[in-house]
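What follows is a short report on a single structure.
Coordinate-derived values only; no laboratory data. Bear in mind that the values here come from a model prediction, so they are computed numbers and not experimental data. So basically every Cβ, Gly included, is an ideal-geometry build from the backbone, and we count neighbours across all protein chains shown.
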Amino acid sequence: MECRYYQRMDDGRVECQLCPHHCKISIGKTGICRSRKNHDGMLVSEVYGKPCSLAIDPIEKKPLYHFHPGTTCLSIACTGCNFRCLNCQNHEISQVTPDVVDYYKLTPEDVVSLCLKHHCPGIAYTYTEPLTYMEYVIDTARLAHEQGLWNILVTAGYVCKEPLADLLPFLDAANIDLKSFSDEIYLKVSGGHLSTVLDTILAMRDAGVWIELTNLVIPTVNDDMEMIRHMCRWMVENDLAEVPLHFSRFFPRYKMQDLPPTPVSTLQMAEQIASEEGIHHVYLGNVPHQY
């Protein structure tokens, strides 16, 4: 499937214009996401119609706590991600090339039919980074809306404005992973920039998309309480005080095996700060039920 967001270059390379990396890709190579490849001067999505994961999930798993709670969604994912998070929880499918993972063959029409067959009111594009297979998401989301289904995006929000604008008319809800409130930490841990993610959040707000934010709190990495306070102040200053904020507990994964799990007390401090700064709905994730 030819990608929509790229330009050909004089030397046979292509410049992908889906995300701020603007990968300049030689023939036969892929961009950072590993799923968009230069085929003889044409940028092609290697995962269009090839989801590697399908599941029916409670909507709270996304997590979305204030968007039709108690309902389910058909979760779908293709391989690939335009971040390189050292703590990635799904690295087996996000940090690999498509050829090493089994997949289903499902057109956008097939996905919508599957959702209707299982009586799910919506589709969640999740588990990896759905923005890296944007064409598949948009085509599926358009058909889903025609059938009265919701479209839910679970994303790190690293995308350029034009492709995001093409998706927004079909998007009903999103959980955005706000990894920290420091550009330095974004670059070090994920390989991207904070400002783009903030722009994505505000664009979704302006488009009327239901938003919830998740902040995975990692010991010694992004657990500075003053930084968390600044993040919460930014939310309030940008009319996001009603947006549910999920502080999630870190567990050692991928290339961060040497760090301990986040103490529950750290999340509780973050929760207290968020409440002090005026965030109305704060939740703790990956913690024992008694907390």
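Summing charges over all other residues whose Cβ lies under 13 Å from the Cβ of P63, with Lys and Arg as +1 and Asp and Glu as -1, gives -1. Remark: the chain projects, on average over all directions, an area of 14.7 nm² (convex hull of Cα atoms).
Maximal additional length on extending the D110-A241 stretch stands at 43.3 nm, based on 0.36 nm per residue less the C-alpha distance.
Could you work out [θ]222 nm for the chain from helices alone, using -39500 (n - 2.57) per DSSP H run of at least four and dividing by all its residues? Round to the nearest 500 deg cm²/dmol. Taken over the chain, the calculation gives -7500 deg cm²/dmol.
Taken over the C-alpha atoms, region 23-102 has Rg and Dmax values of 15.4, 48 angstrom. Per-residue Cβ neighbour counts within 10 Å put Y103, Y125, Y186 in the sequence Y103, Y186, Y125, beginning with the fewest. By other beta-carbon atoms within 10 Å, ranking D224, D239, D172 with the fewest at the front produces D239, D224, D172.
When the Cα convex hull of region 166-260 is projected onto planes of every orientation, the mean area is 6.6 nm². Averaging the sequence gap over all C-alpha pairs within less than 8 Å and six or more residues apart, then dividing by the number of residues, gives the chain a relative contact order of 14 percent.
Remark: region 217-291 projects, on average over all directions, an area of 5.1 nm² (convex hull of Cα atoms). Stretching the chain fully between A203 and A55 yields a gain of 50.4 nm (0.36 nm per residue, less the alpha carbon separation).
Its alpha carbons considered, region 6-45 gives a radius of gyration followed by a Dmax of 8.5, 23 Å.
Computed from phi, the 3J(HN,Hα) profile of region 45-62 under the Karplus parametrisation 6.51, -1.76, 1.60 (θ = phi - 60°) reads 7, 6, 10, 4, x, 10, x, 9, 8, 9, 7, 9, 10, x, 5, 5, 6, 5 Hz, with x in place of Gly and Pro. Along region 161-178 the Karplus relation, 6.51 cos²θ - 1.76 cosθ + 1.60 evaluated at θ = phi - 60°, assigns HN-Hα couplings of 5, 5, x, 4, 4, 5, 7, 3, x, 10, 9, 9, 8, 8, 10, 9, 7, 8 Hz to successive residues, with x for each Gly and Pro.
When S113, S180 are sorted by how many other C-beta atoms sit within 10 angstrom of their C-beta, beginning with the fewest, the order is S113, S180. The modelled label-to-label distance for the pair D99/V287, using points 7 Å beyond Cα in the direction of Cβ, is 4.6 nm. Spatial offset of region 10-89 relative to region 259-291 amounts to 30 Å, using the alpha carbon center of each. Here the calculated FRET efficiency for H118 and E15, from their Cβ-Cβ distance with R0 = 30 Å, stands at 0.15, rounded to the nearest 0.05. Taking the three principal axes of the alpha carbon atoms in region 56-181, the coordinate ranges are 37, 34, 29 Å, sorted in descending order.
The 3J(HN,Hα) values that the Karplus relation (6.51, -1.76, 1.60; θ = phi - 60°) gives for region 148-153 are, in residue order, x, 8, 7, 10, 10, 10 Hz. Gly and Pro appear as x.
Close amide H contacts of V221 (hydrogens built in the peptide plane, cut-off under 5 Å, sequence separation of 5 or more or a different chain): none are found. For the chain, the longest principal axis of the Cα atoms and the long axis of helix 264-276 meet at an angle of about 80 degrees.
Annotated for the chain: lysine pairs at least 8 residues apart or interchain, Cα distance under 12 Å, count 4.
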